[in-house]
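Asker: Please see the structure below; I have some questions.
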Amino acid sequence: MDDRVVPLERAADEAVFGGKAVSLGAAIRAGLPVPPGAAVDTTMVNLIAEGDPAAIEMVRASAHIPDERLAVRSSAVGEDSADASFAGQHATKLNVRKATIHEAVRLVWRSARTESALAYRVRKGLSAEPAIAAVVQMLVAPVAAGVLFTRNPMTGANERLIEASWGLGEAVVNGIIVPDRVRMSSAGSVLEFVAGDKDVKIGHGEDDGTIEMAVEPSLRQTPCLGDAHLTALHDLAERCARVWGPALDIEWALSGDDTIYLLQCRPITTLQGRHP
């Protein structure tokens, strides 16, 4: 089973490792700033979901998985494609230790079999039985994080739209705060900046999982990105476009040393049928 858990950069077969792992593998091979980690294939995820002791021990002991706080994400066959993003359908578990990684993998496996996830598959014309792999990466403990659309998903305009907040990006993705919102031209100049009301942030404690914390009052409406960060995000968007083309939905995180990491990249499915 040595080829069932591989370094993320070796994930190249979507039928084995799913869409997200293959996308991130391509990003690493292109030199993009992706947190290190591994891809766990569909067969191994199924074995772990069934409670197979050998599979559980293998994923716990894998040298390809960093021995630190981890993020475990779904990587289904067909996920993050131009026709089916599965955004919000499959589970992600953050702040996971290697000792409990099998529990996070089971959570990902189960999330693909919920009523809503299966109904989404039917709407998208996909097979009824999901094939789920997993991505396991170093968890970036960010100063700020969020999303970056390389086209405006609401208007279809050829401009960048950035939404950002303090802490982990789940505060933006899950809509629990009003994020900072920045519109940038395709050339990288700021068209509009609107500070959000970021009253809470998501981080991690000592135990597995995440916690919600209050943001200091002085920081609630303070921008969490400076000009240099916006320039770096524009550069990231340009580099991603060279790998996957235009109209991308990018999740990113800003670490304490000012490194911006690429966490996920998928097509913006809501732009289908719109003209530039």
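Asker: Total Lys pairs in the chain closer than 22 Å by alpha-carbon, pairs eight or more apart in sequence or interchain only?
Answerer: Summing the qualifying lysine pairs gives 4.
Asker: When the accessible area of the stretch 25-67 is split by element with a 1.4 Å probe, what percent falls to carbon and sulfur?
Answerer: 52
Asker: Just check the chain against the gyration tensor rule for me: Cα atoms, a ≥ b ≥ c as the square roots of the eigenvalues, rounded for a/c under 1.5, and otherwise prolate or oblate depending on whether a/b exceeds b/c.
Answerer: prolate
Asker: Now for a separate question. What length, rounded to one decimal in nm, is gained on full extension from Ala187 through to Ile211, with 0.36 nm per residue of separation minus their alpha-carbon distance?
Answerer: 4.9 nm
Asker: When the accessible area of the stretch 132-237 is computed with all protein chains present and a 1.4 Å probe, what percentage of it is carbon and sulfur?
Answerer: Using a 1.4 Å probe with all protein chains present, the stretch 132-237 comes out at 53 percent carbon and sulfur.
Asker: Let me know the shape class of the stretch 170-246, please: from the alpha-carbon gyration tensor, a ≥ b ≥ c as square roots of the eigenvalues, rounded when a/c is under 1.5, otherwise prolate if a/b is greater than b/c, or oblate.
Answerer: oblate
Asker: Continuing with this model, one more query. Please list 210-221, 34-45 highest first by mean number of surrounding beta-carbon atoms within 10 Å per residue.
Answerer: 34-45, 210-221
Asker: Pick from Asn95, Asn174, Asn152 the residue whose mean-square fluctuation is largest in a GNM of the chain, springs joining Cα atoms under 10 Å.
Answerer: Greatest mean-square fluctuation among the candidates belongs to Asn174.
Asker: Any idea of the accessible area per residue across the chain, 1.4 Å probe, to the nearest Å²?
Answerer: 44
Asker: Using amide H atoms built 1.01 Å from N in the peptide plane, name the residues 5+ places from Ala144, or on other chains, whose amide H lies under 5 Å from its own.
Answerer: Counting only residues 5 or more places away or on other chains, the set is Gly167, Leu254.
Asker: Also, I was wondering about something else. Rounded to two decimals, what is the ratio between the C-alpha radius of gyration of the stretch 139-186 and 2.2 N^0.38 Å?
Answerer: Against the empirical 2.2 N^0.38 Å value, I get 1.18 for the stretch 139-186.
Asker: So, one more: For the chain, take the longest principal axis of its alpha carbons; what is the angle in degrees between that and the long axis of helix 14-29, to the nearest 10 within 0 to 90?
Answerer: 50
Asker: A further question on this structure: With +1 on each Lys and Arg Cβ and -1 on each Asp and Glu Cβ, how big is the dipole of the chain about its Cα centre, in debye rounded to the nearest 20?
Answerer: 620
Asker: Calculate the FRET efficiency for Ala157 and Ala195 from the Cβ-Cβ distance with a Förster distance of 25 Å, rounded to the nearest 0.05.
Answerer: The pair Ala157/Ala195 has a calculated efficiency of 0.70.
Asker: On to the next question. Using a 10 angstrom cutoff on alpha carbons, build the Gaussian network for the chain and name the most mobile of Glu57, Glu170, Glu115.
Answerer: Among Glu57, Glu170, Glu115, the largest mean-square fluctuation in the Gaussian network model of the chain belongs to Glu115.
Asker: Between helix 227-244 and the chain, what is the angle of the helix's C-alpha long axis to the longest principal axis, kept within 0 to 90° and rounded to the nearest 10?
Answerer: The two axes meet at around 50 degrees.
Asker: Here's something else I'd like to know. Tell me what the chain gives for mean residue ellipticity at 222 nm when only DSSP H runs of n ≥ 4 count, each as -39,500 (n - 2.57), the sum divided by the residue total, rounded to 500 deg cm²/dmol.
Answerer: Per the formula, -8000 deg cm²/dmol.
Asker: Sort Ile28, Ile48 from largest to smallest accessible area, using a 1.4 Å probe on the heavy atoms of the protein chains.
Answerer: Ranked list, largest accessible area first: Ile28, Ile48.
Asker: Given that compact globular proteins tend to follow 2.2 N^0.38 Å, what is the ratio of the alpha-carbon Rg of the stretch 134-276 to that value?
Answerer: 1.03
Asker: Report the rotationally averaged projected area of the stretch 112-197 based on its alpha-carbon convex hull, in square nanometres.
Answerer: Mean projected area for the stretch 112-197: 8.1 nm², to one decimal.
Asker: What ³J(HN,Hα) values, in whole Hz, does the Karplus curve 6.51 cos²θ - 1.76 cosθ + 1.60 give for the stretch 197-212 when θ = phi - 60°, with x put for Gly and Pro?
Answerer: Karplus-based 3J(HN,Hα) across the stretch 197-212 equals 10, 9, 7, 9, 9, 9, x, 9, x, 6, 7, 4, x, 10, 9, 9 Hz.
Asker: Using a 10 angstrom cutoff on alpha carbons, build the Gaussian network for the chain and name the most mobile of Ala26, Ala54, Ala134.
Answerer: Ala54
Asker: Between Gly196 and residues 5 or more places away or on another chain, which pairs have amide H atoms under 5 Å apart, with H built 1.01 Å from N, and which residues are they?
Answerer: The list, which skips near neighbours in sequence, is Asp180, Arg181.
Asker: Would you list the P(r) distribution for the stretch 13-84, with all Cα-Cα distances sorted into 5 Å bins from 0 and each bin expressed as a whole %?
Answerer: 3, 15, 22, 25, 21, 9, 4, 1
The values are calculated or read from the model by the stated rules, or taken from the named source; none is laboratory data. Everything quoted here is computed from the prediction, not taken from an experiment. Reconstructed Cβ throughout: ideal geometry from the backbone, glycine too, with neighbour counts over all protein chains shown. For accessibility, only protein heavy atoms count, side chains too; no ligands or nucleic acids. Shrake-Rupley method; radii C 1.70, N 1.55, O 1.52, S 1.80 Å.
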